[in-house]
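Engineer: Quick one: structure below, then a few questions.
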Amino acid sequence: MFLSIFDIFKVGIGPSSSHTMGPMSAAARFLQDLREGRDREPGAGELGGLAASLHGSLAFTGKGHATDRAVMLGFLGFEPATLDPDAVDGLIAELEREKVVSPDGLPRLRFDPSVDLVFDYDLTLPGHANGMILKAFDTAGNLYLQETYYSIGGGFVVTERELDAIGRGDASELHAQKEHEGFPYPFGSAREMLEMGAASGKTIAEMKEANEMAMRSRAELDRDLVVIRDAMFDCIDRGLRVEGELPGGLRVKRRAKHIHEQLKAEQGQNLSQPHTINDWMSVYAMAVNEENAAGGKVVTSPTNGAAGVLPAVLRYYRDHCVGATEAGQRNFLLVAAAIGGLIKHNASISGAEVGCQGEVGSASAMAAAGLCAALGGTNHQVENAAEIALEHHLGMTCDPVGGLVQVPCIERNGLGAIKAVSAASLALRGDGQHFMPLDNCIEAMRQTGLDMSTKYKETSQGGLAVNIPEC
């Protein structure tokens with residue numbers, strides 16, 4: 001198993017990697033299949049129209065997560081990494097008015113979102129909670145092409161066939177997973193990671209770097225890491241500048257700008273309590289997740305709903321830690337991605353699959369490991385840091401109020417960042433030896449997710465989502 005750092009960290013738009021970025025990417029993939037004439041129905045005539053149905057969690061919380069708008073944008077030919085968030089409202093309004101799409105390389109196609117985009121609350125597809133069916137028809141209304149997609153977390157999208165291949169362990173069929181061959185350190189578990197590190201004398205960052213360089217040059221790796229890091233910091237900076245209400249109807253106000261101004265005013269005046277450092281970490285995370293909730297540009301870390309944790313801890317390292325370096329930031333990202341890949345491979349990063357333990361819990365584990373490495377931790381200390389952070393998110397539900405990634409998600413990212421820093425600090429105080437291995441903790445998260453009621457897995461049917469003020 002190998003997941004690149006750029007599979008884990010992807011630039012996209014909010015509010016959700018699985019409910020916004022994933023469906024948009026699925027629609028874009030479907031258009032590409034149409035261009036290539038793949039699996040066209042025998043006897044179908046000239047291509048004439050499109051349709052989509054959303055199932056499971058994509059149906060239940062799709063409105064709050066802008067899943068319908070994501071499908072529209074995907075059918076218009078846009079993809080998350082390059083879409084301008086400021087152009088979205090105009091594009092959607094034009095489509096709703098014209099009821100046609102004209103993606104590159106294809107004819108004008110009928111697509112009336114009010115008719116052709118269906119939220120199916122009754123049918124949950126068998127492969128995953130986040131399922132969608134995309135269809136194309138010929139000009140006479142006959143089926144031209146149909147494909148089932150699953151958005152499996154972090155912006156990853158697989159077809160029904162690819163999901164079956166994952167279950168079979170058939171890596172040759174997977175969209176985002178690579179073969180062991182060609183990667184010098186193909187660890188699929190934390191135990192293998194530590195064993196390979198001990199045998200080679202390399203750090204986790206060095207092993208992850210060597211794996212990445214099997215696919216790209218050092219210059220390309222360094223360039224793309226800077227792009228990811230700068231996108232994270234730009235998102236924090238935007239969130240610290242903007243105020244007002246977030247969309248969606250809950251009337252949640254942005255708070256990051258006001259809190260940040262308070263913190264800056266207290267600097268140098270001996271007015272701050274020692275625990276104020278927690279407020280700095282929280283405000284960095286909240287800035288990102290307020291941007292995400294507003295549909296802004298964010299980096300999956302490893303998901304949009306948890307996108308504030310890791311950037312907040314990385315910013316904490318850069319701006320607040322003694323001896324922070326560029327190399328430390330680079331190692332932070334490499335190690336965090338290595339841990340995120342292990343969690344995704346052996347459990348899940350999808351809130352619809354395992355609850356928020358798979359989103360904020362995974363992000364906190366990644367950030368803890370990254371910070372521990374940046375501060376000079378050994379491989380065993382890094383593994384310990386990730387385990388501590390993940391262990392203390394086990395059982396966390398995903399219960400977004402109104403299906404919006406706002407309450408409790410925004411504050412939850414701040415607390416995930418605080419836990420990550422505490423976990424890294426505890427690990428650095430020890431020698432790396434500890435009772436519960438990270439692999440066992442990841443397996444516990446997987447089992448907990450399987451046992452968790454679907455009410456608490458991003459359907460907004462339980463927990464805080466149904467215990468809200470009446471006015």
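Engineer: Is it the case that E96 is acidic (D, E) and in a helix (DSSP H, G or I)? I'd like the intermediate steps shown before the answer.
Structural biologist: Values: acidic (D, E): yes; in a helix (DSSP H, G or I): yes.
Against the criterion (acidic (D, E) and in a helix (DSSP H, G or I)), E96 qualifies.
Engineer: Now for a different question. Given the condition surrounded by fewer than 15 Cβ atoms within 10 Å (Cβ to Cβ), at pLDDT 95 or above, part of a helix (DSSP H, G or I) and not hydrophobic (A, V, I, L, M, F, W, C), answer yes or no: does some residue in the stretch 274-285 qualify?
Structural biologist: There is at least one residue in the stretch 274-285 that is surrounded by fewer than 15 Cβ atoms within 10 Å (Cβ to Cβ), at pLDDT 95 or above, part of a helix (DSSP H, G or I) and not hydrophobic (A, V, I, L, M, F, W, C).
Engineer: Among the residues of the stretch 94-133, write down those that are under 22 Å from G351 (Cα atoms), acidic (D, E) and exposed (fewer than 13 other Cβ atoms within 10 Å of the Cβ).
Structural biologist: Of the residues in the stretch 94-133, the ones under 22 Å from G351 (Cα atoms) are 119-133.
Subsequent filtering for residues that are acidic (D, E) retains 120, 122.
Of everything in the stretch 94-133, just one residue is under 22 Å from G351 (Cα atoms), acidic (D, E) and exposed (fewer than 13 other Cβ atoms within 10 Å of the Cβ), namely D122.
Engineer: Follow-up question, since we're still on this one. Does A324 satisfy the criteria of being part of a loop (DSSP other than H, G, I, E, B), modelled with pLDDT of 95 or more and touching a Lys or Arg at 6+ places or on another chain (Cβ under 8 Å)?
Structural biologist: On the way: part of a loop (DSSP other than H, G, I, E, B): yes; modelled with pLDDT of 95 or more: yes; touching a Lys or Arg at 6+ places or on another chain (Cβ under 8 Å): yes.
Against the criterion (part of a loop (DSSP other than H, G, I, E, B), modelled with pLDDT of 95 or more and touching a Lys or Arg at 6+ places or on another chain (Cβ under 8 Å)), A324 qualifies.
Engineer: Quick one: would you say R69 is in the same structural domain as D112 (by TED's automatic domain parsing), within 24 Å of G131 (Cβ to Cβ) and at pLDDT 95 or above?
Structural biologist: On the way: in the same structural domain as D112 (by TED's automatic domain parsing): yes; within 24 Å of G131 (Cβ to Cβ): yes; at pLDDT 95 or above: yes.
For R69, the condition - in the same structural domain as D112 (by TED's automatic domain parsing), within 24 Å of G131 (Cβ to Cβ) and at pLDDT 95 or above - is met.
Engineer: Any idea which residue in the stretch 428-466 is surrounded by the fewest Cβ atoms within 10 Å (Cβ to Cβ), counting only those that are part of a loop (DSSP other than H, G, I, E, B) and under 26 Å from the mean Cα position of the chain (by Cα)?
Structural biologist: Initially, the stretch 428-466 is screened for residues part of a loop (DSSP other than H, G, I, E, B), giving 430-437, 452-453, 458-462.
Now narrow it down to the ones that are under 26 Å from the mean Cα position of the chain (by Cα): 437, 452-453, 458-462.
On the way: P437: 16, M452: 19, S453: 12, E458: 34, T459: 23, S460: 22, Q461: 17, G462: 17.
Per the criteria, the residue is S453.
Residues are listed down the side, and each one gets a yes or a no for (1) of a type in the set (A, V, I, L, M, F, W, C); (2) in contact with a helix residue (DSSP H, G or I) (Cβ under 9 Å, 6 or more places away or on another chain):
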site	(1), (2)
R40	no, yes
L50	yes, yes
F78	yes, yes
T82	no, no
G90	no, no
E98	no, no
R108	no, no
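Engineer: Only one of (1) touching a Phe, Trp or Tyr at 6+ places or on another chain (Cβ under 8 Å); (2) in a helix (DSSP H, G or I); (3) buried (at least 20 other Cβ atoms within 10 Å of the Cβ) fails for S301. Which number is that?
Structural biologist: Failing condition for S301: (2).
Engineer: Same structure, new question: Any residue at all in the stretch 245-254 that is of a type in the set (D, E, K, R), part of a helix (DSSP H, G or I) and either in contact with a helix residue (DSSP H, G or I) (Cβ under 9 Å, 6 or more places away or on another chain) or more than 15 Å from G295 (Cα to Cα) (or both)? Lay out the reasoning, then the answer.
Structural biologist: Going residue by residue through the stretch 245-254, those that are of a type in the set (D, E, K, R) are 245, 251, 253-254.
So of that shortlist, the ones also part of a helix (DSSP H, G or I) come out as none.
For the stretch 245-254, residues of a type in the set (D, E, K, R), part of a helix (DSSP H, G or I) and either in contact with a helix residue (DSSP H, G or I) (Cβ under 9 Å, 6 or more places away or on another chain) or more than 15 Å from G295 (Cα to Cα) (or both): absent.
Engineer: Further question on the same structure: Give the residue that is surrounded by the most Cβ atoms within 10 Å (Cβ to Cβ), with candidates limited to residues of the stretch 1-43 that are touching a Phe, Trp or Tyr at 6+ places or on another chain (Cβ under 6 Å) and assigned to a helix (DSSP H, G or I).
Structural biologist: Applying the filter and picking the extreme gives A27.
The values are calculated or read from the model by the stated rules, or taken from the named source; none is laboratory data. Predicted, not measured: the structure shown is a model, and the values here were computed from it. Cβ sites come from the backbone with ideal geometry, for glycine too, and all protein chains shown count toward neighbours.
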